[in-house]
Each structure stands twice: as C-alpha cells, then as structure tokens.
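Remarks on the structure that follows.
The values are calculated or read from the model by the stated rules, or taken from the named source; none is laboratory data. Model, not experiment: these values are computed from the prediction. Because the Cβ atoms are built from the backbone with ideal geometry, glycine has one as well, and the counts that use them run over all protein chains shown. Note: areas computed on protein heavy atoms with side chains; ligands, DNA, RNA excluded. Shrake-Rupley method; radii C 1.70, N 1.55, O 1.52, S 1.80 Å.
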Amino acid sequence: MSAKPTRYHVKSFGCQMNVYDSERMGDLLAAEGHVATDSPDDADIVVLNTCHIREKAAEKLYSDIGRLRKPRADGGRRTIVAAGCVAQAEGAEIGRRAPAVDVIVGPLAYHRLPDLLREAAAIPEDARGARWGRAIDTDMPAEPKFTQLPARRHQGASAFLTVQEGCDKFCTFCVVPYTRGGEVSRPFADLVAEAEALVAAGAVEITLIGQNVNAYGLELGGGETLARLIATLADIDGLKRIRYTTSHPRDMSDDLIAAHAEIPKLMPYLHLPVQSGSSRILKAMNRAHTRESYLATLDRVRAARPDIAFSGDFIVGFPGETEADFEATLAIVAEARYAQAYSFKYSIRPGTPAAAMPDQVPEPVKEERLARLQAAITAGALAFNLASVGRRTEILLERPGRKPGQLIGKTPWLQSAVVDVPGAKIGDLIAVEITAGHGNSVEARPIPTLQHESVPA
Ligand code: SAH
Ligand code: SF4
Ligand code: F3S
C-alpha cells in the first residue's frame with residue numbers, strides 16, 4: 001500500500017508579491033509530490049507567508065501558530081513554516097517566541113523550502129514530540145531565486161507575474177527595503193517566457209507586479225523598461241488585459257505614460273500611492289515627490305488616457321502630522337479624483353527612521369482622521385462609479401456573487417461589477433453595460449456585442 005501523500009496549505013498575509021510567492025512555494029511543494037489542501041487544519045505542512053508592513057499584519061503570525069501547534073483531529077502533527085517578511089525581519093527570534101515553528105524562510109530564499117523541510121525533519125524530536133531546533137534561511141542571495149523555481153502550474157484567467165522585487169526608496173515609515181532588499185529586475189526574456197506559459201495555460205489577464213514595478217529595468221541599464229515589457233507582452237495572442245502595480249510617483253516615466261495612450265491591452269487603471277497631501281509630511285516621509293509634482297504626474301497620465309481610473313495609498317497620523325497637514329490630504333482626494341484608494345493609520349515599525357521621530361500622533365487622533373479620510377475616499381469612489389453608468393464595456397468574470405446566478409467581474413477600471421449572465425462562467429470576458437453605481441461596486445447587464453469605441457480590446 002502506498003503512503004498517503006503529504007498535504008500542504010500556504011496562507012498569504014500580504015501584498016500581491018506575497019500572493020505570488022505563496023503560489024510559487026506551492027509549486028515547489030507540488031514538485032516534491034505533496035498535494036494542496038484548502039484547509040490548514042487538515043494539512044501536514046502549513047506555510048504562513050507573512051507581512052510585516054504594519055504591526056497588526058505581523059501579529060497574525062503568532063496567533064496562527066498558537067492554533068496550528070495543537071494536534072490535528074486525527075492526532076497528526078503539522079510542520080509549521082514561517083515565511084515572508086516577518087520571517088525576514090525577525091528571523092530566529094520567531095523560534096524563541098513560538099517554539100512550534102519548524103522552518104523560518106525569508107522572501108528571497110524560499111526556493112530552498114524543500115531542503116529546509118528536510119533539514120527540519122532531521123532534527124530529533126523529544127519524548128513529547130517537540131523539536132528543539134529549526135531550519136532557518138533568511139539570506140538575500142546574489143543569484144535571484146526565480147531561476148531555481150519549478151515551472152508555474154498557474155491555472156485561471158488572471159495571473160500575477162513578479163517582474164521586479166525590492167526597494168531602494170527608503171520611505172522613513174516603511175520596512176520593505178529591509179525585508180525585500182534592494183531593487184532587482186528579472187531578465188526581460190524570462191518574463192516574456194513566463195507570460196507566454198501563463199497564456200498557454202489559459203490566462204487572459206496578467207498583472208505585472210513589483211514593490212516598485214515602474215522601476216523595472218532601470219538598474220539593468222540596457223534600455224529595458226516596464227513600457228517596453230508591456231509592449232512586448234501585448235503581442236502575445238490570447239492575452240487580453242495587462243495591468244501593473246505598485247508604482248512609485250518618482251518613476252512614472254514618459255514612455256510608461258505614453259503606453260497608456262498607445263497600447264489598448266493596457267488597462268486604464270493606475271495605482272499610484274501618494275501617502276499624504278502635505279508636502280511637508282511627504283518630505284519627512286522621504287517620498288521624493290511633493291503634492292504639486294504628484295498632481296502634475298496625474299495630469300500627464302490623464303492627458304494620455306482621459307478615462308484612466310486612479311487609485312492611491314494613504315497614511316494618516318505620520319509623526320508630526322498636524323490638522324492642517326491632514327486637511328491637505330483630504331483636499332488631495334478630491335483634486336486627484338480617485339476611483340478608489342487604500343488608507344492606513346501610521347504604524348510604528350521598529351528600526352525605521354520614523355519610529356524614532358518626535359511628535360508621534362495619539363491613537364484616537366489617527367482613528368478620527370482615518371474615518372474622515374475613508375468617508376472622503378468612499379464619496380469619490382461613489383462619484384466615479386455613478387459616472388460610469390451607461391458605459392458599454394467588458395468585464396472579466398472572477399467569482400460568484402452573493403445571490404444565486406450572480407457573478408462578479410472586473411471592468412477595465414478595476415471596478416467590481418455584479419452581473420447575472422445565464423451560461424457564463426468564471427474566466428469569461430463578457431460585454432456589458434453598467435447600469436448602477438455604488439460605493440465599492442457597480443451593477444451591469446450583459447449586452448449581445450460590444451459597440452462602444454473607447455473600450456480597450
Ligand atoms: N511600494 C509601494 C507600497 C508598499 S506598502 C509604494 O511605494 O507606495 C503598501 C502601503 O502600505 C504603502 O503604500 C503605505 O500606504 C502602507 N504602509 C507602509 N508602511 C506603513 C506603516 N509603517 N504604517 C502604515 N501604513 C504603511
Ligand atoms: Fe516602502 Fe516607500 Fe519602498 Fe514603497 S517606495 S516599498 S512605501 S520604502
Ligand atoms: Fe507586506 Fe512584505 Fe508585501 S511587508 S506588503 S508582504 S513586501
């Protein structure tokens with residue numbers, strides 16, 4: 001009788017890069033003959049792919065370990081892997097706080113996951129089944145992990161593709177430059193090959209991702225840019241939609257802006273975090289843009305692609321933020337006319353320059369500002385969604401809706417569109433007319449053919 005295969009579960013806590021890494025760790029485990037399970041409770045190996053961006057995100061690791069270290073219903077023991085940015089930032093410290101962890105592996109070293117699991121399994125257990133040691137790798141190797149990963153098994157209409165990693169910008173609040181290292185771009189040809197394989201496996205939409213995706217290629221010095229990559233991928237038959245995220249305002253180059261005018265497959269959506277509307281606070285954040293230069297960048301993009309939907313990230317309660325600074329942030333929401341945006345309370349990250357700045361903002365003030373900012377963002381999103389009523393466009397169906405028969409898809413502007421289309425399935429691209437707009441979604445009805453000219457093919 002053959003042994004039961006080992007079941008694994010990978011849980012993502014972070015950004016799109018973290019989701020991509022989770023998928024790739026799954027590829028590594030599958031290549032070893034392990035099988036995926038949706039349930040962490042049933043799994044033999046659980047990978048917790050953590051995020052360190054805010055304190056709350058990091059704390060989730062320890063609450064999950066507490067639950068997973070208890071024996072399974074069938075008495076079995078789970079092997080627990082702490083991966084991702086908390087693993088990178090805290091390293092061996094995780095094992096001191098949570099001894100049940102078997103493997104600690106950073107985001108640049110996870111191609112070694114199968115070896116680390118073998119190393120951990122070789123550590124002797126005591127009489128109670130506990131291991132007093134663990135396998136750890138938080139190196140930042142010079143040779144990027146990508147070349148050492150197995151082929152992608154991704155199935156599905158929409159896929160992420162990591163094109164660059166790391167950050168050289170050192171915003172004073174942020175841990176990413178420490179957890180992901182410096183900016184490193186993947187070779188152009190490797191990306192084209194990975195995109196072609198994704199499309200051959202059924203992807204119709206690819207989102208190019210990186211902590212600073214629009215810095216792609218800059219450090220390679222060979223004239224390879226994100227705009228060139230997008231143009232090259234646009235030639236792949238069968239690929240219908242290209243997106244990219246996250247961009248830094250400093251690297252919004254002319255050729256990338258022109259791509260929005262010239263490449264129909266490039267979707268009219270740009271996530272461009274601003275963080276604050278106050279130039280004084282932006283300087284303290286080391287953002288390398290001002291309120292004015294940021295708004296000027298949006299104007300240039302809008303001139304190239306008038307229907308573009310903007311989104312942004314905001315931090316409220318950065319050290320020293322006054323009511324006047326915050327009001328400048330509120331004002332920029334209206335000026336930028338965001339289609340949507342994400343907002344966060346400033347969270348102290350140990351070791352970053354802002355953690356040691358004077359005038360930390362009290363928690364109740366942060367909460368009050370966050371509520372006001374979110375109200376402004378929601379009002380802007382509602383206005384954007386209402387203004388799109390009557391548009392004829394296409395949506396890519398992504399998941400079932402709440403009511404029977406309903407499906408939810410994404411418009412080119414990344415709105416969630418709820419639609420009732422008999423016979424359609426997840427992954428279909430269907431022609432619709434937008435019929436109603438809400439705070440964070442639109443409603444749509446199917447139309448027989450697409451007649452509207454302004455819609456990207
Ligand atoms: N590279 C991207 C964003 C990476 S992190 C950029 O440059 O914008 C995603 C978002 O988390 C950031 O845009 C920021 O808004 C938020 N963030 C990062 N550090 C934070 C902190 N210490 N406290 C609160 N929010 C933070
Ligand atoms: Fe963090 Fe700033 Fe780098 Fe974005 S650009 S990852 S916010 S340091
Ligand atoms: Fe979080 Fe690391 Fe991404 S800190 S936001 S998972 S790069």
Q | J(HN,Hα) series, region 63-75, from Karplus relation 6.51 cos²θ - 1.76 cosθ + 1.60, nearest Hz, glycine and proline x | A | 5, 5, 4, x, 6, 6, 6, 5, x, 5, 3, 8, x
Q: Any chance you could look up the accessible area of HIS248 with a 1.4 Å probe, heavy atoms only, rounded to 10 Å²?
A: 10 Å²
(Q) In Å, what Kirkwood hydrodynamic radius results for region 7-137 from the alpha-carbon pair distances? (A) 14.5 Å
**Q.** Estimated vicinal HN-Hα couplings, Hz - region 99-113 in sequence order (Karplus 6.51, -1.76, 1.60; Gly, Pro = x)
**A.** x, 6, 6, 9, 9, 10, 9, x, x, 9, 10, 6, 4, 8, 3
(Q) In whole Hz and in residue order, list the ³J(HN,Hα) couplings for region 189-201 that follow from phi through the Karplus curve 6.51 cos²θ - 1.76 cosθ + 1.60, θ = phi - 60°; x for Gly and Pro. (A) 5, 5, 5, 4, 5, 5, 5, 4, 5, 5, 5, 4, 8
Q. Computed from the mean reciprocal separation of all distinct C-alpha pairs, what Kirkwood hydrodynamic radius does region 145-387 have, in Å?
A. 19.0 Å
Q: Return one number: the angle in degrees, 0 to 90 and rounded to the nearest 10, between the long axis of the Cα atoms of helix 16-31 and the longest principal axis of the Cα atoms of the chain.
A: 40 degrees
Q.
Taking 2.2 N^0.38 Å as the expected size of a compact globular protein, what ratio does the Cα radius of gyration of region 164-261 give against it, to two decimals?
A. 1.10
Q: Write down the Kirkwood hydrodynamic radius of region 281-410, to one decimal in angstroms, obtained as one divided by the mean of 1/r over all alpha carbon pairs.
A: 17.0 Å
Q. Long-range amide H contacts for VAL442: which residues qualify at under 5 Å (H placed 1.01 Å from N, peptide plane, sequence gap of 5 or more or a different chain)?
A. SER416, ALA417, VAL418
Q.
Just to be sure I understand the model, the point goes 7 Å from the Cα along the line to the Cβ. What's the resulting ASP42 to ASN440 distance in nm?
A. 2.9 nm
Q: Of the DSSP beta bridges with both residues in the chain, give the percent that are antiparallel, rounding to the nearest 5.
A: 35 percent
Q. Which value, in Å², gives the accessible area per residue of the chain when a 1.4 Å probe is used on the protein heavy atoms?
A. 43 Å²
Q | For the chain, the Rg and Dmax computed from alpha carbons only, in angstrom | A | 22.9, 72
Q) Beyond 15 Å, what percent of the Cα pairs of region 351-413 remain? A) 73 percent
Q: Any chance you could give the angle, 0 to 90 degrees and rounded to 10, that helix 291-304 forms with the longest Cα principal axis of the chain?
A: 70 degrees
Q. How much accessible surface area, in Å² rounded to 10, belongs to the heavy atoms of ILE257 with a 1.4 Å probe?
A. 10 Å²
Q. Taking only the alpha carbons of region 392-446, what extent do you get along each of the three principal axes, in Å, biggest first?
A. 25, 20, 15
Q) Share of antiparallel DSSP beta bridges in region 392-446, in percent to the nearest 5? A) 90 percent
Q.
For PHE160, what accessible surface area do you get with a 1.4 Å probe? Give it in Å², rounded to 10.
A. 60 Å²
Q: Give the angle, between 0 and 90 degrees and rounded to the nearest 10, that separates the Cα long axis of helix 363-387 from the longest principal axis of the Cα atoms of the chain.
A: 50 degrees
Q) Of the accessible area of region 14-172, with the probe set at 1.4 angstrom, what percent is carbon plus sulfur? A) 52 percent
Q: Please identify the cysteines of the chain that lack any partner cysteine with a Cβ under 4.7 Å from their own Cβ.
A: CYS15, CYS51, CYS85, CYS167
